[in-house]
């Protein structure tokens with residue numbers, strides 16, 4: 001059975017891979033040897049597994065988690081319904097706006113959801129009025145200003161994957 005994203009249980013993805021991902025999520029700067037020691041495998045084995053996870057696109061990269069509010073930057077979620085043109089055409093224009101950090105294609109009431117960064121609410125309003133709503137295909141723009149981020153289950157995706165694995169077997 002293929003998982004979302006194309007990972008099959010038979011693809012050699014196992015519990016050690018999951019544990020490596022979980023350890024790296026906690027701190028991606030943890031030395032491979034330390035992860036190996038915790039898991040009871042060698043540093044070389046951890047390195048090979050990480051390389052394979054990267055090759056397969058399961059690990060897509062490593063990032064720094066910055067609290068933008070402490071920089072004096074407002075982070076918002078802006079959702080847009082697109083009518084009359086392909087979503088890809090709207091995305092081509094959105095990527096040119098410096099305020100947009102991340103774009104998600106979505107299903108539901110909105111076709112696109114963006115993480116938008118501005119210095120304040122007035123700048124956010126101005127960006128929406130002068131950029132987003134000027135795009136002919138953009139309809140039904142909704143905004144949520146993010147106040148605080150709370151990671152509740154850092155490895156929720158892993159838990160769901162493991163639960164689905166149990167149902168297969």
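The values are calculated or read from the model by the stated rules, or taken from the named source; none is laboratory data. Bear in mind that the values here come from a model prediction, so they are computed numbers and not experimental data. Every residue, glycine as well, gets a Cβ built from its backbone with ideal geometry; the counts of neighbours run over all protein chains shown.
Numerical summary
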| item | result |
| --- | --- |
| Condition met for residue 80 (farther than 30 Å from residue 26 by Cβ, assigned to a strand (DSSP E or B) and at pLDDT 90 or above) | yes |
| Residues being in contact with a strand residue (DSSP E or B) (Cβ under 7 Å, 6 or more places away or on another chain), surrounded by 12 or more Cβ atoms within 10 Å (Cβ to Cβ) and without any contact (Cβ under 8 Å) to a residue 40 or more places away in the chain - total across the stretch 106-151 | 8 |
| So residue 25, is it assigned to a loop (DSSP other than H, G, I, E, B) and either in contact (Cβ under 8 Å) with a residue 60 or more places away in the chain or under 21 Å from the mean Cα position of the chain (by Cα) (or both) | no |
| Breaking point among (1) under 26 Å from residue 99 (Cα atoms); (2) at pLDDT below 95; (3) in contact with a helix residue (DSSP H, G or I) (Cβ under 8 Å, 6 or more places away or on another chain), for residue 74 | (2) |
